[in-house]
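What follows is a short report on a single structure.
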Amino acid sequence: MSALLQLSWRVIAAVFFLLQYKQYRMRNFKRSSFVFITLFGIAISIHADDSVVTKLSSSDGPKRKLGPNIVKNPSFEQIENGKPTGWKTSTWGGEPKYEVERSFARTGATCVKISSASGANSSWSFPLTVKPKTDYRASAWIKTSNVDSTNYGAQINLHELQLRAKSDSLKGDNGWTRISVEFNSGDRTALLLNCTFGGWGSATGEAWFDDLEVVELIDPVLVMTVDEKTEFFEKKVKPILEKNCFECHGSGDEIRGGLIMTNREDLLKGGDSGPAIDLRDYKDSILLSAVNYEDYEMPPTGQLPADQIQILSDWAKLGAPWKGKGTRPKLADSGHSVPEVNEETKKWWSYQKVTRPEVPAAITAKTKNEIDYFIQQVQVGKGLKPNPSATKEVLIRRAYYDLIGLPPSPEQVAAFKNDQSPDAWEKLIDELLASKHYGEKWGRHWLDLVRFAESNSYERDGPKPFVWRYRDYVIQSLNDDKPYDQFVIEQLAGDEKNEPSREDIIATGYYRLGKWDDEPVSQLQAWYDDMDDVILTTGQSFLGMTINCARCHDHKIDPIPQADYYSFLSFFRNVKRYGVRGHNTVLDSSVRTIASKEDAIKYQAEVKKHQEDIADNNKAMAAIEKIAKKDFIPVEFEEFKNENRRIDLVKKRVGKSITQKQFDDYREMTKRKRDLRRFKPAALESALCVKETGSKPTDTFIMIRGNANAKGEKVEPSFPSVLSPPEPKIKPTAEGLSTGRRMALAKWIASKDNPLTARVMVNRIWQHHFGRGIVKSTSDFGFQGDLPTHPKLLDWLASEFTAGDWKIKRMHKLMMMSATYQMSSAPNEVALKADPVNDYFWRFNMRRLTAEEIRDSVLAVNHSLNKEKMYGQSIYPKIPNEILQGQSRPGEHWHTSSGPEADRRSVYISIKRSLPVPFMASFDVADPDSSCPVRFNTVQPTQALAMINSEFMNEEAKVFAEYLQKEIPGNPSEQVSVALSRVLQRMPNKSEVERGLQLMNELKTNDKADDREALRLFCLVSLNLNEFLFLD
Amino acid sequence: MTDKKNFCGRMRREFMWQAGGGFAGTALSGMLGDNFFANQTQAADTDETWENPLAPKKTQFPAKAKSVIFLFMYGGPSHIDTFDYKPDLIGRDNQTVKVKTFGRGGHKNEGRIVEPRWKFKQHGESGKWVSSLFPNVAQHVDDIAFVHSMTADSPIHGSAMLQMNSGEILSGSPCLGSWVNYGLGSVNQNLPGFVVMLDKRGGPISGPKNWSAGYMPASYQATMLRSKGTPILDLQPRGVGRATQRKLLDAIQKYNKEHILDRGNNSDLAARIASYELAYKMQATAPEAVDLSKETAATKKMYGLEDRNAEYFGKQCLLARRMVERGVRFVQIYSGGNHNDANWDAHGDLKHNHDLHAGETDQPIAALIKDLKARGMFDETLVVWGGEFGRQPTAEYAKGTGRDHNAYGFTMFMAGGGIKGGVSVGKTDELGSKAIEDRFHVRRIHATILHQMGIEANKLTYFFGGLDRKLVGVEGAKPIDKLIS
């Protein structure tokens, strides 16, 4: 135990120990209490006096052997100059009388005596030489006469250990009585043994002491001979291991947790979690915490009986003696070892600083900008030729969807087609980049990465307050073409800026977008789980690094040691959990007002006024009620408790105790009371945001195996070591609300020198224009990720990005102005054979519209999309009842929108984690529980069913038909033509129109459809076309 | 076809043809070989533009079971009042006892015993003790294997439900049924491979999260099957007959076939054309599958369709059998919905609560076992019974019989699908407060279910977020050998 306390990194354990002193048993370390203490971060400094009393209970093992008595002259038989040899007296207070008693003794001829008439605190003392960290027992025989004390009477104690090492005390009259105390010497080598009289107080009367004894309590296992030890292993330990451990840890076909227990060497080397037995201090052994079910629960099928646990504990204490060599399983080579951070691994391509590559010379005349030079340089080597340019109809559609996620109208298509000017394309791009709908499209890509959702998942899946402001912030930032470095800094540390703006605060809602279990099994573990989610999202989204894989052990594939994970975590160490339980805790931990100071003052005044109004009104009402109450019968008092009944009770007395005027007033005031309740001053604007526990950083430790209760080494903030990063520059914030650590992290991520940030972001921009990233694994630039198909192009784009002040719109334009972007997507047999998956961009990649684009397009082509209303609270499209029935409270938190509100763009659809909108889900919207860098792209019959049978599609087809009938009444051919031109964004050919007309005629002739219904069904057909859902 | 690889080396083709397996889809063929992960990524290197994905996937080793029917007793049935006989508790009602418990009311060190409120009797050749709550199920104990030593990581509904369904207490992972369909595909492409049926009182806590595909494509999530009205969302044409719809589809296909002419190598377009035909077939198949009119009166009676209490769950059990007959891989039925006493969550009046829910389910469950046996389907259909946790032996409040949640020990049972009958494994202590012998974590049940389906849980992986994810977690889990015949 003392050794445990000695380790400084276990100071909290020591705090725990002091609080739990009485119940304390090393192996019964209670996780729950531990959690409580660290969770609330109680900082109790302890005086590091390591010597503490142990209750050496018999359950600790076999009976202990006793060492020799280390008290010299224990029975006071040697007397020199009238004093017992080696003994001295100590007076702590009062007037004691010390004597050598010669008239009687318990043994031998003499003993010692202390007495006092007026009161004393005093002792006969003997200086002991002790072994440190050793258990001892001190005992004595005491006789008393008429002892009285303000505190303790006669007893023994160890002076330096004070109250923690004292025997029972005797008062009154006692014959010779043996008292004793057991203690551990801790770090000390010397202790003063006291025979005290009146300890911690003042005693009167007489006390005699004799036959002192202090003996070492020798642990029998420690005095075993080598042979005894191996026999102990063979007979006692090995059978336990064989029966319970070997199957998974050495003799079975699989090694669990990397731990082999069938030989001593491997056992001490340990598995993924470290050595099974800690030879420095056996009590820290994972084997022991596992069999005691403290974190691991081993064996998992049921806890071992106490005697077997004791055997294992004794064995560990002995240093795990073994007999023979043991066995070592033949292991299939796992293929790789964990990569270390070294000069070799540091050479990985994405860890190198971006250097601007030289732009290759133009190869063909068809190139338009540098991108094409890079692309064609590779193509030439592969014998590939780029596709010709796509038609203008294809291009305008591609540009519209890629930049604003909406289809062009027939008029816009015509205008572009007719614009013969050489810069028609450039003008189109500029126009779309300036569109306010650009942010609605590209914001969604970002929201996928940061797993944006508006509820918390789990049992309640409650709504996140004000989270929509974060969504608006993202859209607005993109529309404003905010430099990406700023965008990063605002989200990670906007609140740590000097005088943060309301936007800065809203941006930090970034930390609050994840899941939140408001009723976790362990709050402490839940904090780490939440932060892991933040690390995963931050590492992958901003840096393309899977730092999250190093939470429980060193990263198995990338050179990211576990320590780097916790160093990274330390930047977030003071971040408060989203909430503890209940809405108010969320307000405390994650919501701040973003109103101006003036507004805040105004608001306070309004609230005050409102409260006064209520009080005044109540007072006036009470005055009238008082009159009325005078002649209440008992039942009326009861009735009066119901507020709604009061007015009648008052009315009954009009003309009696109450005048008509009084009643009229009362009625007015009743109404006013209701109004006052209903119309409160408008609340101050607030935002969901990050908050820290304060500016003083809490220590961060490696958590062994990712277990929140298993502390390892302490770590300091630092960036992933394989990147050879600079030291973080940390400055606490001016307001003292937070550590400033997140700002240090944000600045490093947003730095031009960061090898990953710019590469990762330009790659994402490329991904959403060209269908895949230059690095296909867009959130993993590590060893496991894909290599860039065009590394030089990627680096050139990254350097362009930072050189252009991190402006995103500029990058769009750069990419879209290339010939590579403007290519046709048509197949080409030769190229398909050479490069079937288009690794070298010889053609443009076709793509299906996203879920949002499909829904928005349906609404756009039928002319009902409410695209003017942007921002604000989310919308709730109708979810079919059969789906709502799946909720435990059907319909809860889903406030179905209606009218134009329901027709807003899909980026405004509320995202409830447990209730995805089925139409959107079937078209692969991102699952909001985790960061989504690339969406799935499925084709499945549920999509077909939704597209032809859903209420939504059938309703929208009807709206479409009504629009066509209104615009082009009585002209079916034109109606079909316009419908197709709106859906396909090109002029339909004759046979396409003809086919539509034929269908309508057939429906009218043979299926009893009237004109309206026939047109509606044709509209439905048109919205189901592949050409509508796919872009060339 | 555009790019072949997606994030983390997953192949786009893998997701494109979920259509192949009907609703829930198929994964790559050959993915369950010994070198499963290598195959998963290697397959991405081929670029066949068209592959018939309709065939069900091979299992790793011969499967015992073809389908699973998971009877989910939502809310947490009390093990000591049903199948975990605790004679030591008898006569000790209201005694205070030292016992560590952890439920929604937090950690406690002592409590007041609530003696089981139902009488136990021995049944069958195995002499299994079963309480009077399940007189009909008791007739089949020799076909059932009970696990009395279940443990879970959370005693809170939200996270415990997630764990029983997805293995993890954290939200976001695919459910057991999703894994089964990911691993095995579906043999009937005209029906969903994973269906869920809910209690009439509503869904369970967390709703659709309990049958979601998590980080897998949504195609692997369960389809909610209703026993009344249209069985599946958007299954039926709206406002038009089937013949008219055929005409609409023909028109769509004509346009689409013209469109694909110049884009012949794009398999997404072809897949989408095919998906309409599949959808059309499903419109005919699914209603037939839920049509009970061809079932005999005796069958309906056996399932309790004439009994007001048992009718709803009975019909669902009968539907489950019909689904399984038609090749559906995974059926989950919830007993209990909504909150509190609308499910097995007996915090208040234990007697009232369990009488109600056992009364609704006992006869249908027994009928299901009997019916599967009579039809020769029992051996290849794995029936699983259990809730997200059990209940404590002591009272939750100072008064009354309500029991709080208990994840330290509880009972589940399995039957059919190659599971031994008439056995009980594992033990709780004499109070039933915690498992003490042969403890089995939820993951062990999952591993057992997968094993019976011919899949080794430790080898069924899905690469996501930088990790090879498994249903049974990074540490893995083995099946419970003692249950397997």
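A few remarks follow.
- Contact annotation: residue pairs with Cβ atoms under 6 Å, 6 or more positions apart or on different chains, pairing a residue in region B:439-456 that is in contact (Cβ under 8 Å) with a residue 12 or more places away in the chain with a partner that is among the polar types (S, T, N, Q) and in a strand (DSSP E or B), are B:Arg439/B:Ser149; B:Arg439/B:Thr151; B:Phe440/B:Ser149; B:His441/B:Thr151.
- Residue list for region A:1005-1028, filter: among the β-branched types (Val, Ile, Thr) and either at the interface with chain B (Cβ under 9 Å from one of its Cβ atoms) or closer than 23 Å to B:Ser275 by Cβ (or both): A:Val1021
- Summed over region A:980-1004, residues that are of a type outside the set (S, T, N, Q), within 11 Å of another protein chain (Cβ to nearest Cβ) and part of a loop (DSSP other than H, G, I, E, B) total 1.
- Residue match in region B:212-220 (condition: surrounded by 18 or more Cβ atoms within 10 Å (Cβ to Cβ), without any contact (Cβ under 8 Å) to a residue 24 or more places away in the chain and facing chain A (nearest Cβ under 7 Å)): yes
- Region A:899-939, subset hydroxyl-bearing (Ser, Thr, Tyr) and within 11 Å of chain B (Cβ to nearest Cβ), residue surrounded by the fewest Cβ atoms within 10 Å (Cβ to Cβ): A:Ser930
- In region A:811-833, the qualifying residues are those that are part of a helix (DSSP H, G or I) and free of Cβ contacts under 8 Å to residues at least 60 places away in the same chain, and the one that is nearest to the other protein chains (Cβ to nearest Cβ) is A:Leu832.
- Condition met for B:Pro208 (in a helix (DSSP H, G or I), within 30 Å of B:Glu360 (Cα to Cα), facing another protein chain (nearest Cβ under 7 Å) and under 19 Å from the mean Cα position of the chain (by Cα)): yes
- Looking across region A:361-411, the residues that are part of a loop (DSSP other than H, G, I, E, B) and basic (Lys, Arg) come down to A:Lys366, A:Lys368, A:Lys385.
- Filter result for A:Arg672 (touching a Gly at 6+ places or on another chain (Cβ under 9 Å) and in contact (Cβ under 8 Å) with a residue 40 or more places away in the chain): no
- Restricting region B:225-250 to residues that are closer than 21 Å to B:Ala274 by Cα and either touching a Phe, Trp or Tyr at 6+ places or on another chain (Cβ under 8 Å) or among the β-branched types (Val, Ile, Thr) (or both) leaves a set whose member that is surrounded by the fewest Cβ atoms within 10 Å (Cβ to Cβ) is B:Arg246.
- Counted as qualifying within region B:239-318 are the helices (runs of 4 or more DSSP H) with 3 or more residues that are within 14 Å of another protein chain (Cβ to nearest Cβ) and either within 14 Å of A:Phe1030 (Cβ to Cβ) or without any contact (Cβ under 8 Å) to a residue 12 or more places away in the chain (or both), namely B:242-261, B:267-289.
- When region B:339-382 is filtered for residues that are assigned to a loop (DSSP other than H, G, I, E, B), farther than 22 Å from B:Ile144 by Cα and more than 18 Å from the chain's Cα centre (by Cα), the ones remaining, listed by number, are B:His339, B:Asp345, B:Ala346, B:His347, B:Gly348, B:Asp349.
- Any hit, region B:456-477, residues being in contact with a Phe, Trp or Tyr (Cβ under 6 Å, 6 or more places away or on another chain), assigned to a loop (DSSP other than H, G, I, E, B) and not assigned by TED's automatic domain parsing to the domain that holds B:Gly390: yes
For every residue, the table says whether it meets (1) among the aliphatic types (A, V, I, L, M); (2) buried (at least 24 other Cβ atoms within 10 Å of the Cβ); (3) at negative phi.
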residue	(1), (2), (3)
B:His347	no, no, yes
B:Lys351	no, no, yes
B:Pro364	no, yes, yes
B:Lys373	no, no, yes
B:Ala395	yes, no, yes
B:Ala407	yes, yes, yes
B:Lys420	no, no, yes
B:Val425	yes, no, yes
B:Met453	yes, yes, yes
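- Test result for A:Tyr566, within 30 Å of A:Trp349 (Cβ to Cβ) and of a type in the set (Phe, Trp, Tyr): yes
- The criterion of at least 3 residues that are within 20 Å of A:Pro726 (Cα to Cα) and outside the structural domain of A:Gly804 (by TED's automatic domain parsing) is met by the following helices (runs of 4 or more DSSP H) wholly inside region A:483-578: A:484-493, A:523-543, A:562-569.
- Filter pass, B:Ser433 being away from every other protein chain (no Cβ under 12 Å), buried (at least 19 other Cβ atoms within 10 Å of the Cβ) and in a strand (DSSP E or B): no
- Unique match (being under 15 Å from the mean Cα position of the chain (by Cα), surrounded by 24 or more Cβ atoms within 10 Å (Cβ to Cβ) and at pLDDT below 95) among B:Gly167, B:Gly193, B:Gly158: B:Gly193
- Those helices (runs of 4 or more DSSP H) lying entirely in region A:236-324 with at least 1 residues in contact with a Ser or Thr (Cβ under 7 Å, 6 or more places away or on another chain): A:286-291, A:306-317
- Conditions (1) in contact (Cβ under 8 Å) with a residue 24 or more places away in the chain; (2) over 36 Å from the mean Cα position of the chain (by Cα); (3) farther than 30 Å from A:Arg356 by Cα; number of the one not met by A:Glu868: (1)
- Residue in region A:201-214 that is assigned to a loop (DSSP other than H, G, I, E, B), at pLDDT below 90 and surrounded by 15 or more Cβ atoms within 10 Å (Cβ to Cβ) present: no
- Where A:Tyr528 falls short, out of the listed (1) more than 26 Å from A:Lys752 (Cα to Cα); (2) more than 11 Å from chain B (Cβ to nearest Cβ); (3) over 14 Å from the mean Cα position of the chain (by Cα): (3)
- Failed item, numbered, when A:Val354 is tested on (1) surrounded by fewer than 22 Cβ atoms within 10 Å (Cβ to Cβ); (2) assigned to a loop (DSSP other than H, G, I, E, B); (3) touching a residue at least 24 places away in the same chain (Cβ under 8 Å): (1)
- Just one of (1) farther than 18 Å from A:Phe844 by Cα; (2) at pLDDT 95 or above fails for A:Val359. It is (2).
- Close pairs (7 angstrom Cβ cut-off, 6 or more residues apart or separate chains): in contact (Cβ under 8 Å) with a residue 40 or more places away in the chain and away from every other protein chain (no Cβ under 14 Å) in region A:298-317, buried (at least 19 other Cβ atoms within 10 Å of the Cβ) and among the hydroxyl-bearing types (Ser, Thr, Tyr) anywhere: A:Lys317/A:Tyr282
- Within region B:329-353, tally of residues that are over 26 Å from B:Leu450 (Cβ atoms) and in contact with a helix residue (DSSP H, G or I) (Cβ under 6 Å, 6 or more places away or on another chain): 3
The values are calculated or read from the model by the stated rules, or taken from the named source; none is laboratory data. As the structure is a prediction and not an experimental result, all values here were calculated from the model. Ideal geometry is used to build each Cβ from the backbone, glycine not excepted, and the neighbour counts take in all protein chains shown.
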